[in-house]
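Q: Supplied in structure tokens, the structure appears directly below.
The values are calculated or read from the model by the stated rules, or taken from the named source; none is laboratory data. Since the model is a prediction, treat every value here as computed from it, not as a measurement. For neighbour counting, all protein chains shown are included, and Cβ atoms are generated from backbone atoms with ideal geometry for every residue, glycine included. Heads up: the accessible areas ignore ligands, DNA and RNA and are worked out on the full protein's heavy atoms, side chains in. Shrake-Rupley method; radii C 1.70, N 1.55, O 1.52, S 1.80 Å.
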Amino acid sequence: MNGIAAVRGKRIIVSGVSSDAHTWNLVFLQLLLEGRGHEVANLGSLAPDALIIDACRTQRPDLLVISSVNGHGQLDGMRLIRALRAVPGLGGLPAVIGGKLGIHGRDNVRFGDRLTAAGYDAVFDDGEAGTLERFEAFVHGLDTRSVVPGAGAAGEEAA
């Protein structure tokens, strides 16, 4: 909402984590990203890890966006990213997680380092100022990365 527009539309998968039944966050993200010219597949809430990984394997998105509202995002997100990174061809897929990642209020920001160390490219905690703007800047920045559709990171072969 700060005027950032997509240079070229990306294929993006948006999903909740396996324990989170909230949907409004996913609808918001879908509408935001589609409004910026991206093609979005919304896997919905309560998505099992296997469903998310299979969608990434078959749809070959440019970005995976994981959103959590229930406060367990860091637990489910940690398990998910480790499983995703272990799949041949998905090791370099840009993946981000955001929302309410824990139940500790402002102390939830501590999960950011753990989640990036586990394999997320960026973490967007809802308690931080400017989170939406940083998210939009990240998505816009994908245009400057060498992401090859149909492959993970540049030079990584698809499975």
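Q: For Glu128, indicate whether it is touching a residue at least 40 places away in the same chain (Cβ under 8 Å) and open to solvent by 70 Å² or more (accessible area, probe 1.4 Å).
A: Considered against the rule, which asks whether it is touching a residue at least 40 places away in the same chain (Cβ under 8 Å) and open to solvent by 70 Å² or more (accessible area, probe 1.4 Å), Glu128 comes out as no.
Q: Could you tell me which of the residues Asp54, Asp107 is at pLDDT 95 or above and either of a type in the set (D, E, K, R) or under 25 Å from Ala129 (Cβ atoms) (or both)?
A: Going through Asp54, Asp107 in turn, the sole match is Asp54.
Q: So, in the stretch 51-60, how many residues would count as being over 20 Å from His22 (Cβ atoms) and surrounded by 16 or more Cβ atoms within 10 Å (Cβ to Cβ)?
A: The total comes to 4.
Q: Right, something else. Based on what the data block shows, is Phe124 more than 14 Å from the chain's Cα centre (by Cα) and aromatic (Phe, Trp, Tyr)?
A: In short, no.
Q: Considering only residues that are modelled with pLDDT of 95 or more and among the charged types (D, E, K, R), which ones fall in the stretch 66-102?
A: Selection gives Asp76, Arg79, Arg82, Arg85.
Q: Name the one entry in Gly105, Gly89, Gly112, Gly99 that is loosely packed, with under 15 Cβ neighbours inside 10 Å and either over 13 Å from the mean Cα position of the chain (by Cα) or in contact (Cβ under 8 Å) with a residue 60 or more places away in the chain (or both).
A: The match here is Gly105.
Q: In the stretch 61-85, what residues are outside any helix (DSSP H, G or I) and either open to solvent by 30 Å² or more (accessible area, probe 1.4 Å) or β-branched (Val, Ile, Thr) (or both)?
A: Val65, Ile66, Val69, Asn70, His72
Q: Please work out if Ser45 is assigned to a loop (DSSP other than H, G, I, E, B) and open to solvent by less than 70 Å² (accessible area, probe 1.4 Å).
A: yes
Q: Would you pick out the residues in the stretch 114-132 that are touching a Gly at 6+ places or on another chain (Cβ under 7 Å) and aliphatic (A, V, I, L, M)?
A: Leu115, Val123
Q: Which numbered condition trips up His72, out of (1) closer than 11 Å to Ser15 by Cα; (2) more than 14 Å from the chain's Cα centre (by Cα)?
A: (1)
Q: Please name all residue pairs, on different chains or six or more residues apart, with Cβ atoms under 8 Å, provided the first residue is in the stretch 46-57 and is more than 13 Å from Arg85 (Cα to Cα) and the second residue is open to solvent by 20 Å² or more (accessible area, probe 1.4 Å).
A: Pairs that qualify, where the first residue is more than 13 Å from Arg85 (Cα to Cα) and the partner is open to solvent by 20 Å² or more (accessible area, probe 1.4 Å), are Leu46/Ser18; Leu46/Ser19; Leu46/Ala21; Ala47/Ser18; Pro48/Ser18; Leu51/Leu43; Ala55/Ala41; Ala55/Leu43.
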